[in-house]
Amino acid sequence: MTQSAHRGPRQRRRGAPLLAASLLSFTTASQAANTDAAAEGGLAEDVSEVDPVVVTATRTAETADATLVPVSVVTREEIERTQARSTIDVLRGLPGLSIASFGGPGRVSNLYLRGANPNQVLFLVDGIKVGSATTGQTEFQNLPVDQIERIEVVRGPRSSLYGSEAAGGVVQVFTRRGGGPLRTFGSLTAGRYQTAGIAGGVRGGGEQGRFSVSGNFDQSQGFDACAGRGFPYFDGCGTDEPDDDGYSNQGVSASAGYDFSDRISVDASFLRAETDVDYDGAFQNEARNLQQVAGVNLRLRPLDNWDVKLAAGRSWDEQRNFKDGEFASRFDTRRDSLSLQNDIALGANHLVTVGVDYQEDSVTSDVDYAVSARDNIGVFGEYQAWLGPAAVKASLRHDDNEQFGGHTTGDLVLGYDITSDLRVTAAYGTAFTAPTFNDLYFPGDAFFAGGNPDLKPEESRSAELGLAGRTGPMDWSLNVYETRIDDLITLVPPTFAAENIDAARIRGLEAVTFGRLLGTDIRANLTLLNPRNESGGPDDGNLLARRPEQTFRLDLDRRFDKIGVGATVFVAGRRFDDPANNVRLDGYGLLDLRASYAVSESVQIQARLENVFDEDYETVAFYNQPGRGLYVTLRYTP
């Protein structure tokens, strides 16, 4: 399912002309233009062989195999082929990535990228930062998979380009885009737990314009989310509610763009997802969530070697919590952003990027925060060069935040092509994560200390070595890294005061391979992780909570004329649910099988059998996971 940076100079040379000839490409809408520009740039090879264009790693366009940092790309085609029913299905098992879920569909899920905390992973939707300003996390599990065109996952620190929250990496979701002849598309799904879903839309465009509109509705009766215990244990969710916990999600996305000329273009996008989730809890057991993102991008080319991008956006994260139907609490956060980016090509092999980002976060809640708004200004610069078999990418950024002051981060990546099919890379980068509104200002009471306005940002530094190449029909990559994190923000019992005390050291290895062998598409990756607490306190030397030490994913797919068959194997090693490592969660293995039949060129019938062996497992203690289930989809894609 993934494609990663891995190849040698034959493919790498595609990167420089692509960047120099088509710099205006921070959104999916311009992907076709990027490919055309690459062809106009004088590529000697068939442009149809060019890997997907990615923009998250450097904020400029380059092919996935040309970037020097590890990147995974999941396309719409792969989402449909694997019959993923949620964003969790798409992301689970990607290299360096693990997920801890508090129950079934729609429940809170924590994403750990290279062992970093969930609040240290930056989420973008069409270039706009999303997530809750109060918790610092993104309800990514509720982003409707039917509205996604593709996902890019960049592993490793990216604060030098994006600022806070990118210590572990960046996940960027691109919504559906238009273009080409007018087409409609749709799907119907049904399966276990009384699951049902419908999705559809229309897309098209002309020589200069493009548009797309789509929507979805999904629901499930679900299963008992938590096998917790109440007084006097308060294990898990702190209560025993043996009932089915339902879920519903309705979403809509829209985009439109217009090229006024080859020097001026504009694109706008919108995504809205409303979710109603039942769960088990002693004080709350229902959440109604709204996630909404709107953005507009204006791209200009004043000179042949100078591109300018002006982007503005707003994201909303709103939540209403209830207990047995009675209102309990409300948390609404909003993020406004404005960005100006200049990309200047100095010849065919040098690219300089300079820009400024502005962001304002605000909170409205029935909880009284001492401070309810703050802004941040970030100034960044990047230099990329291709010098024969060598490549260099260096970036530097300074952020000035209203609450915690200034912070500077940097990143340096070097690559060298030993042969036409073998590349070595080395990288070093620093990152930081700003304290959230909850960390700083959540009000305390007689029992809990609440937030701490004197907190410092979490800081990290990472070093990495990589080797990548091609052996026969298989592409592969191997990366080893170490990350050290200081000033981790921790809630210290018994009053759960927020303090900067902990430190952590995370070491990891990622091995990725994919290709076609004997007519079968093969994609496999292995992650080995050693995330340790180095605080010097009582938990010193323990494994960081809820991160498996090993994960492995294997995807096999093959077509026989109108019939497609496939399988996914996912294996996760042990993890501990608590910092003291007293609660062990055993490792587990899952097998999913899938098949499809092409009724016509436009109509497919798909079937997916999940968790074939009905494995009973937990990723968070006391929280249940789905059992064996069959799901059938009728898909129309002209």
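The values are calculated or read from the model by the stated rules, or taken from the named source; none is laboratory data. Quantities reported herein were computed from a predicted structural model and do not represent experimental measurements. All Cβ positions, even for glycine, are placed from backbone atoms using ideal geometry, and neighbour counts span all protein chains on display. All accessible areas refer to the heavy atoms of the entire protein, side chains included, with ligands and DNA or RNA removed. Shrake-Rupley method; radii C 1.70, N 1.55, O 1.52, S 1.80 Å.
Taking only pairs six or more apart or across chains, which ones have beta-carbon atoms under 9 Å, a first residue in region 399-421 that is more than 16 Å from Thr433 (Cα to Cα), and a second residue that is aromatic (Phe, Trp, Tyr) and open to solvent by 70 Å² or more (accessible area, probe 1.4 Å)?
Hits for this filter: Leu412/Tyr428; Val413/Tyr428.
Kindly evaluate Phe437 against the criterion of being over 26 Å from Leu113 (Cα atoms), crowded, with 19+ Cβ neighbours inside 10 Å and out of contact with any helix residue (DSSP H, G or I) (no Cβ under 6 Å at 6 or more places or on another chain).
no
Output the number of the condition that Val354 fails; it satisfies all remaining conditions of (1) open to solvent by 40 Å² or more (accessible area, probe 1.4 Å); (2) touching a residue at least 60 places away in the same chain (Cβ under 8 Å).
Exception for Val354: condition (2).
Would you check if there is a residue in region 473-486 being surrounded by fewer than 21 Cβ atoms within 10 Å (Cβ to Cβ), without any contact (Cβ under 8 Å) to a residue 60 or more places away in the chain and under 20 Å from Tyr369 (Cα atoms)?
no
Just need a number here: residues in region 366-376 that are over 23 Å from the mean Cα position of the chain (by Cα), crowded, with 17+ Cβ neighbours inside 10 Å and in a strand (DSSP E or B).
Matching residues across region 366-376 total 1.
Select from region 46-97 the residues that are of a type in the set (Ser, Thr, Tyr) and touching a Lys or Arg at 6+ places or on another chain (Cβ under 6 Å) and write down the one among them that is most open to solvent (accessible area, probe 1.4 Å).
Thr75
Search region 122-147 for residues that are without any contact (Cβ under 8 Å) to a residue 60 or more places away in the chain and pair each with any residue that is open to solvent by less than 10 Å² (accessible area, probe 1.4 Å) and acidic (Asp, Glu) when their beta-carbon atoms are under 6 Å apart and the residues are at least 6 apart or on different chains.
Every condition considered, no pair remains.
Name every residue in region 565-599 that is outside any strand (DSSP E or B), in contact with a strand residue (DSSP E or B) (Cβ under 7 Å, 6 or more places away or on another chain) and farther than 17 Å from Thr619 by Cβ, in order of residue number.
Result: Val599, single match.
Restricting to region 401-419, count the residues that are buried (at least 17 other Cβ atoms within 10 Å of the Cβ), of a type outside the set (A, V, I, L, M, F, W, C) and not in a strand (DSSP E or B).
Selection size over region 401-419: 1.
Please verify whether Val571 is over 18 Å from Leu111 (Cβ atoms), among the β-branched types (Val, Ile, Thr) and surrounded by fewer than 17 Cβ atoms within 10 Å (Cβ to Cβ), treating the condition exactly as stated.
For Val571, the condition - over 18 Å from Leu111 (Cβ atoms), among the β-branched types (Val, Ile, Thr) and surrounded by fewer than 17 Cβ atoms within 10 Å (Cβ to Cβ) - is not met.
Taking the criterion of being open to solvent by less than 10 Å² (accessible area, probe 1.4 Å), free of Cβ contacts under 8 Å to residues at least 40 places away in the same chain and within 21 Å of Leu491 (Cα to Cα), would at least one residue in region 108-118 satisfy it?
yes
Pull up region 229-286, narrow it to residues that are touching a Lys or Arg at 6+ places or on another chain (Cβ under 8 Å) and among the aliphatic types (A, V, I, L, M), then point me to the one that is surrounded by the fewest Cβ atoms within 10 Å (Cβ to Cβ).
Ile264
Name the residues in region 418-476 that are within 23 Å of Ser159 (Cβ to Cβ) and of a type in the set (S, T, N, Q), would you?
Thr425, Thr430, Thr433, Thr436, Asn438, Asn452, Ser460, Ser462 - these are the residues of region 418-476 that are within 23 Å of Ser159 (Cβ to Cβ) and of a type in the set (S, T, N, Q).
Which of the residues that make up region 144-166 are touching a Ser or Thr at 6+ places or on another chain (Cβ under 7 Å) and either β-branched (Val, Ile, Thr) or open to solvent by less than 10 Å² (accessible area, probe 1.4 Å) (or both)?
Matches in region 144-166: Val145, Gln147, Ile148, Glu152, Val153, Val154, Gly156, Ser159, Ser160, Leu161, Ala166.
Check whether at least one residue in region 544-554 is open to solvent by less than 60 Å² (accessible area, probe 1.4 Å), in a strand (DSSP E or B) and more than 20 Å from Asp577 (Cβ to Cβ), and report yes or no.
Scanning region 544-554, I find at least one residue that is open to solvent by less than 60 Å² (accessible area, probe 1.4 Å), in a strand (DSSP E or B) and more than 20 Å from Asp577 (Cβ to Cβ), so the answer is yes.
Return only the number of the condition from (1) within 30 Å of Asp343 (Cβ to Cβ); (2) in contact with a Pro (Cβ under 8 Å, 6 or more places away or on another chain); (3) not aromatic (Phe, Trp, Tyr) that Gln141 does not satisfy.
(1)
Need pairs with beta-carbon distance below 8 Å; first residue among the basic types (Lys, Arg) and within region 425-452, second modelled with pLDDT under 90 and not in a strand (DSSP E or B); sequence gap 6+ or separate chains.
none
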